[in-house]
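**Q** Take a look at the following structure, please.
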2 protein chains.
Amino acid sequence: MSYNQHFEHLLKRHQLKRTEARLRVLSLLVNKKTATSQPDLESVIGDVDRVTLYRILSAFEEKGIIHKVFDLNGTANYAICADDCDEHHHHDEHLHFNCSNCKNVYCLDELDMPPIVLPAGFKLEKLSFSAVGLCPKCLNK
Amino acid sequence: MSYNQHFEHLLKRHQLKRTEARLRVLSLLVNKKTATSQPDLESVIGDVDRVTLYRILSAFEEKGIIHKVFDLNGTANYAICADDCDEHHHHDEHLHFNCSNCKNVYCLDELDMPPIVLPAGFKLEKLSFSAVGLCPKCLNK
DNA sequence: TAGCTTAATGCAACTTTATTGCATTTTATT
DNA sequence: AATAAAATGCAATAAAGTTGCATTAAGCTA
């Protein structure tokens, strides 16, 4: 199945209309190891309004298609979710690695995250781990 | 030793001049279980310029007096560091708990954080854990 | 304690990221 | 082809943070 078919499927499944802008966002995010910020997306996506982009990203986030993670500057970055995410539950409890040099945010979802026990009285909904350091590319320079 | 003496000591130790604005920031942050955002600080600190506040916060952060953590909106929040932080090393590898109701950010520094092993090629500098959920106050409503 | 040097502050302007309201266009369906 | 709902574009606005520069204050030193 081609990416395009896959994307159309994905949109239909979440009751989102198939539009050019949404397909472009999906194709920009898929297969990327790093999360992408709205400003970065904006600069490469071409003829799509800033506001539209924001709205697409938040719609996708609500539906569980992508997840949002903040980088070292507090800017939102977005990455495609693993397949088992949906509207009701995000499985994005993986490690986000922020490279202090190139500023890329890597989703290291192959790592198992240890369980965390909270103090009494706190109700956990979501957990996330983030690391800062140098990524392989920047380390080899 | 009074708080004021303690703060003056702290500033001198980090080669920062003792100013009214800095003392106010310290007294607002000390003994708080939750981290405070710049906007929140600004609204209560009184007659201190926005820019000055930003500069005080980043100076304190550089010196290891406070640490910065982003909340669910990507806004920077600040909290006093544990005593053993300094310019060269931050010990802020504790859990930050974001309440999805009241938006407060709790520094749960009494919890032991498990070690995380990164994939080969990544060099770790700093690690942080953050959770989203309901805090005790909001849970009891 | 007066003078001096450096650090800190205040102000104005600006940048970046994000949001809202509303008119227009497009999608998907009948 | 007509239609209703959803999506988009545009303009305006908001919020968070930054930069440059002139002024003021802190804390030495004589």
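**Q** So what does A:His9 come to for accessible area, using a 1.4 Å probe and Å² rounded to 10?
**A** 110
**Q** Which value, in debye to the nearest 20, describes the size of the charge dipole of chain B about its Cα centre when Lys and Arg Cβ atoms bear +1, Asp and Glu Cβ atoms bear -1, and nothing else is charged?
**A** Charge dipole of chain B: 340 debye, to the nearest 20.
**Q** Hey, another quick one. For chain B, modelled as a GNM with alpha-carbon contacts under 10 angstrom, which of B:Val25, B:Val48, B:Val105 fluctuates the most?
**A** B:Val48
**Q** Which lysines have a Cα less than 29 Å from the Cα of A:Lys33, not counting those fewer than 8 places away in the same chain?
**A** In chain and number order, the partners are A:Lys12, A:Lys17, A:Lys63, A:Lys68, A:Lys103, A:Lys126, A:Lys137, A:Lys141, B:Lys68, B:Lys123, B:Lys126.
**Q** May I pose another question? Pop out the ³J(HN,Hα) list for the range A:68-78 in order, Karplus 6.51 cos²θ - 1.76 cosθ + 1.60 with θ = phi - 60°, rounded to Hz; leave Gly and Pro as x.
**A** Calculated HN-Hα couplings, in order: 10, 9, 8, 8, 4, 9, x, 8, 6, 10, 10 Hz.
**Q** Oh, and also: Evaluate the charge dipole of the protein assembly as shown about its Cα centre and quote only its size in Debye, nearest 20, assuming +1 on the Cβ of each Lys and Arg and -1 on the Cβ of each Asp and Glu. Numbers along the way, then the final one.
**A** Values: 34 positive and 38 negative charges, 116 e Å.
Result for the protein assembly as shown is approximately 560 debye, rounded to the nearest 20.
**Q** While we're here: So what is the accessible area of the range A:3-139 per residue, in Å², with the probe set to 1.4 Å? Walk me through the numbers on the way to the answer.
**A** Numbers: 7440 Å² over 137 residues.
I get 54 Å² per residue for the range A:3-139.
**Q** Still on this structure, please answer the following. Give, ordered by residue number, each residue of the range B:122-140 whose 1.4 Å probe accessible area is reduced by a minimum of 30 Å² on adding the remaining protein chains to the chain alone.
**A** Listed by number, the residues meeting the 30 Å² cut-off are B:Phe122, B:Lys123, B:Glu125, B:Lys126, B:Ser128, B:Phe129, B:Ser130, B:Val132, B:Leu134, B:Pro136, B:Leu139.
**Q** OK, next. Say a site is exposed when it is one of the GluC sites (Glu not before Pro), sits in a DSSP loop, and has at most 16 other Cβ atoms within 10 Å; what is then the longest site-free stretch of chain A? If you can, show how the numbers build up before the last one.
**A** Values: sites that count: A:Glu87, A:Glu93, A:Glu110.
That gives A:1-86 as the longest site-free run.
**Q** Here is a follow-up. On the protein heavy atoms, probe 1.4 angstrom, tell me the percent of accessible surface of chain A carried by carbon and sulfur.
**A** Working: 3810 of 7980 Å².
Solvent-exposed carbon and sulfur of chain A make up 48 percent of the total.
**Q** Return the single residue from B:Asn98, B:Asn31, B:Asn77 with maximal mean-square fluctuation; model: Gaussian network over chain B, springs between Cα atoms under 10 Å.
**A** Highest fluctuation of the listed residues: B:Asn31.
**Q** If one takes the accessible area of chain A alone plus chain B alone and subtracts that of the pair, with a 1.4 Å probe, what total in Å², rounded to the nearest 100, results?
**A** Values: alone 9300 and 9280 Å², together 15930 Å².
Rounded to the nearest hundred, the buried surface is 2600 Å².
**Q** Mind checking B:13-19 for the average number of partner chain beta-carbons within 10 Å of each residue's beta-carbon?
**A** Values: counts 0, 0, 0, 0, 0, 0, 0.
If you average over the peptide's residues, the count of other-chain Cβ atoms is 0.
**Q** Hey, what number do you get for chain B at 222 nm if only DSSP H runs of n ≥ 4 count, each worth -39500 (n - 2.57), divided across all residues, to the nearest 500? Don't jump to the answer; show the numbers that get you there.
**A** Numbers: 5 runs with 47 residues, N = 141.
Computed mean residue ellipticity for chain B: -9500 deg cm²/dmol.
**Q** Residue by residue, what Karplus-based ³J(HN,Hα) values in Hz, rounded to whole numbers, does the range B:36-49 have, using 6.51, -1.76 and 1.60 with θ = phi - 60° and x for Gly and Pro?
**A** Residue by residue, the range B:36-49 yields 10, 7, 4, x, 5, 4, 4, 6, 10, 6, x, 7, 10, 5 Hz.
**Q** For the range A:125-141, in order, what is each residue's ³J(HN,Hα) by Karplus, 6.51 cos²θ - 1.76 cosθ + 1.60 with θ = phi - 60°, in whole Hz (x at glycine and Pro)?
**A** 10, 7, 10, 8, 10, 9, 10, 10, x, 10, 7, x, 4, 6, 5, 8, 10
**Q** Per residue, how much space in cubic angstrom lies within the convex hull of the C-alpha atoms of the protein assembly as shown?
**A** Details: hull volume 48.8 nm³, N = 282.
With only Cα atoms used, the protein assembly as shown gives 173 Å³ per residue.
**Q** Let me ask something additional. Answer rounded, prolate or oblate for the range A:3-139, using the Cα gyration tensor with square roots of eigenvalues a ≥ b ≥ c: rounded when a/c is under 1.5, else prolate when a/b is larger than b/c, else oblate.
**A** Details: a/c = 1.93, a/b = 1.29, b/c = 1.50.
Oblate, since a/c reaches 1.5 and b/c is not below a/b.
The values are calculated or read from the model by the stated rules, or taken from the named source; none is laboratory data. All figures in this text were calculated on a predicted structure; none of them were measured in a lab. A quick note on method: Cβ atoms are made from the backbone with ideal geometry, for glycine too, and the neighbour counts reach across all protein chains shown. Just so you know, the surface numbers come from the protein's heavy atoms only, side chains and all, with ligands and any DNA or RNA stripped out. Shrake-Rupley method; radii C 1.70, N 1.55, O 1.52, S 1.80 Å.
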